[in-house]
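Right, one structure below, let's go through it.
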Amino acid sequence: MDVAEENSEEALLIKQHRKEKKEVQAKIQCMKNSVPKNDKKRRKQMTEDIAKLEAEVEARHKEKLEALAQKPTEPTQVSSITNGVTSLDLGSEEPVQQPRVSKAQKRREKKAAQEKERDDRIAEAEIANLSGARHLESQKLAQILAERELQIRQIPSDGHCMYRAIEHQLNEQGNSLTVANLRSQTADYMQKRAEDFLPFLTNSSTGDMYTQEEFQKYCTDIVNTPAWGGQLEIYATCVWTGGALQFCGTTGHKYREQLVLPDINCHLEDGDL
C-alpha cells in the first residue's frame, strides 16, 4: 500500500477500528479479572455484558464501513474496504497484557467473595425470618427480658456469635479477653481433656466416635475458622473462665433458661448436653 492508500479515508477508518478493537479487548480482560471465578452469578452477567459490548462494536464498525462504501469510490477502494471488514476479527487481535495478580491478592479476593456470599445468605435469611416463627419468638423473648430489666444485644451470625456474646459480657465486667483468646483457650482446654469431649463427637458419615486425628482437627478449626460454638464449647468456656453462663430463649411459646456452672471437677455424662 502506497502513501496515498495509507492516508485514504477507508484506510484511516480501518486503522481507527483496529485501535478501538484493542481498547475493547483490554476492557474485556479487565472485566474478567474483576470477577472471581467462583462467583457464577456475576460471571454469567459478565459474559452477557461482554457479548453485548462486542456486538455493539461490530455493529457500529459495520455501519461506518457500509456508509463509506456507499460513497462513489474506485473499485479498488471498495475492495480494500471489504478486505478491511473481513480482517477486523476480535479473536485475531493479540491479547493485551494485564498486570499480574499476586497470590496474596487472589486469596484476599477469594476471601472477600466468600464473606460476601455468606453475608448475602444471612441477609436473605433475616428477611425471610421477619414473618417467621423465629422473629415472633425473638419478640416474645425481648418482652420477657424487658420485664427483668434485660435486653437483647444483636450480634452478627458470622460463626463467632457465641464467642462475641461471651466477650461482650466479660468486657462489661472489666475482662479484656477477645474472641481470639476465647477460641484459643477453649480449644486448649478441650484438647487437654479430650476424654471428656470425645464421646459427644461422632463422624457424620460413619456414626463412629471421633478419632484422635478428627478431634485434633475439630479443635484446630475452633481456633482458625469461624466454626460455630455449640454445647461442648459453651461448657469448656464456662469452666476455664470460671464464670457461670446463663442462656435464655424461647421454644414456640415457652420461655426457658439454662444455667451452666463452672464445676471444674465434674465430668460430662450422656444427657448433660
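What to note about this one:
- Taking chymotrypsin sites (Phe, Trp or Tyr not before Pro) across segment 205-252, the ones in a DSSP loop with at most 15 further Cβ atoms lying within 10 angstrom of their Cβ are W228.
- L12-E48 FRET efficiency (beta carbon distance; Förster radius 45 Å; 0.05 resolution): 0.85
- Stretch gain in nm, segment E213-A165, where the contour uses 0.36 nm per residue and the Cα spacing is subtracted: 14.3 nm
- The modelled label-to-label distance between W228 and Q139, using points 7 Å beyond Cα along the C-beta direction, is 2.5 nm.
- Once the chain from R193 to A113 is taken as fully extended at 0.36 nm per residue, the excess over their C-alpha distance is 25.1 nm.
- Taking each residue as 0.36 nm, the span from I122 to Q29 lengthens on full extension beyond its C-alpha to C-alpha distance by 30.3 nm.
- Both radii were evaluated on the Cα set of segment 167-257; the Rg over Rh quotient, with Rh as the Kirkwood radius, amounts to 1.02.
Values in this text are rule-based calculations from the coordinates and carry no lab data. This is a predicted model, so every value here is computed, not measured. Quick reminder, even Gly has a Cβ in these numbers, built from the backbone with ideal geometry, and neighbours come from all protein chains shown.
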